[in-house]
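Report on the following structure.
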Amino acid sequence: MIRFEHVTKRYADGTTAVDDLSFEVAEGELVTLVGPSGCGKTTTMKMVNRLVEPTSGRVLLGGEDVAAVDPVRLRRTIGYVIQQVGLFPHRTVLDNTATVPALLGWKKAKARERAAELLDLVGLDPAVHGHRYPEQLSGGQRQRVGVARALAADPPVLLMDEPFGAVDPVVRERLQSEFLNLQATVRKTVLLVTHDLAEAVRLGDRIAVYGQGRIEQFDTPARVLGAPATPYVADFVGADRALRRLAVTALAEAELDPVPEPVPPTALPLDSSLQEALAALLQDDAGRIAVHAPGDPARLLGSLTADGVHRALRRASRELGPAELGPADLSSR
């Protein structure tokens, strides 16, 4: 869906923001771009909707070179969410959400109907919040409106620049969970920029770890954490990467022991992460929790101990394949 072909962005003062970048984002995939400030991740994202023009190379969207598309028309077909949201203060929440459909020439009633549907989808009752103005909302609510506005015209691609960075950690975690649920429903192709490794790991189907203007590793969260491609990536993900892997490693029946008597009162579904399982174990005095089939709490599959968590991590390490780099990086190393 999104393809970068040997893209470079060099400014007049000689600064190279992005250097010979090549990678591809599949349709329906959520890719997080993570790295320190000034590494080129936001520049990369802005070249998709032509807020920044590349010095050389091509950016393709659905097989079409974006340089050949009128930038205004292009931007109206791409959802865009930024950290500060950018809502119009003089317009109601409903009208803010209907902005792009209105620009595309939708009839007012249809645009507002679509806006109401999207507000409901992001957890804001349009009957309660639709007539309010942005200043009457909390930071988390404004961020939800920003996401709803970006989705209002049903764009195939969603660009998100530090979308949850302006809210407190508790609200941020809740918004991340809600966005993952939303993405499971709408399945947009998403590029999400963040400086937060934990957020990148939690949200991304794949992660692009940026060095200075280039991708050091482009891989699944489990492989980035479990098999860093370069010393830079290993340093970036930190010495606690084994703990971070708990969040991206799922339970498997192979790690379970038989269910004892009495049955442990604490139970989790098999599709839980090891992080969730370990948290439950640490809060349970028995040192053992029950594991049931997803969606069927009555069907117990086994029990899990701390030894089982350890076995699961070792199994995940064995399953890790070779680390994947961006095509441009592969050709230059």
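The values are calculated or read from the model by the stated rules, or taken from the named source; none is laboratory data. Worth saying up front: this structure is predicted, and the values here are computed from it rather than measured. A quick note on method: Cβ atoms are made from the backbone with ideal geometry, for glycine too, and the neighbour counts reach across all protein chains shown. Just so you know, the surface numbers come from the protein's heavy atoms only, side chains and all, with ligands and any DNA or RNA stripped out. Shrake-Rupley method; radii C 1.70, N 1.55, O 1.52, S 1.80 Å.
Figure legend. Inter-residue proximity from the range 177-189: first residues over 21 Å from Gly62 (Cβ atoms) and at pLDDT 85 or above, second residues open to solvent by 40 Å² or more (accessible area, probe 1.4 Å) and in a helix (DSSP H, G or I), beta-carbon distance below 8 Å, spacing 6+ or different chains. Indicated pairs: Leu180/Arg202; Leu182/Leu121; Thr185/Leu121. Taking the criterion of being of a type in the set (S, T, N, Q), open to solvent by 20 Å² or more (accessible area, probe 1.4 Å) and touching a residue at least 40 places away in the same chain (Cβ under 8 Å), the residues of the range 8-43 that qualify are Thr16, Ser37, Thr42. Among the residues of this structure, Arg75 counts as one that is of a type in the set (D, E, K, R), open to solvent by 70 Å² or more (accessible area, probe 1.4 Å), closer than 17 Å to Asp161 by Cβ and under 22 Å from the mean Cα position of the chain (by Cα).
Selection within the range 175-196: residues that are hydrophobic (A, V, I, L, M, F, W, C) and in contact with a Leu (Cβ under 9 Å, 6 or more places away or on another chain). The member of this set that is nearest to Cys39 (Cα to Cα) is Val193.
Screening the range 1-60 for strands (runs of 3 or more DSSP E) wholly inside it with 1 or more residues that are farther than 13 Å from Ala208 by Cβ returns the ranges 2-10, 16-25. A count restricted to the range 109-166 and to residues that are within 25 Å of Asn49 (Cβ to Cβ), assigned to a helix (DSSP H, G or I), touching a residue at least 24 places away in the same chain (Cβ under 8 Å) and open to solvent by 40 Å² or more (accessible area, probe 1.4 Å) stands at 3.
Residue-level check: of (1) over 30 Å from Pro54 (Cβ atoms); (2) open to solvent by less than 40 Å² (accessible area, probe 1.4 Å); (3) not β-branched (Val, Ile, Thr), Phe218 misses just (1). Within the range 83-102, being open to solvent by less than 60 Å² (accessible area, probe 1.4 Å) and modelled with pLDDT of 85 or more holds for Leu87, Thr92, Val93, Leu94, Asp95, Asn96, Thr97, Ala98, Thr99, Val100, Pro101, Ala102. Residue pairs whose Cβ atoms lie under 8 Å apart, sitting 6 or more positions apart in sequence or on different chains, and linking a residue in the range 232-251 that is over 18 Å from Ser177 (Cβ atoms) to a partner that is open to solvent by 50 Å² or more (accessible area, probe 1.4 Å) and modelled with pLDDT under 85, are Ala234/Arg241; Val237/Arg244; Gly238/Arg244.
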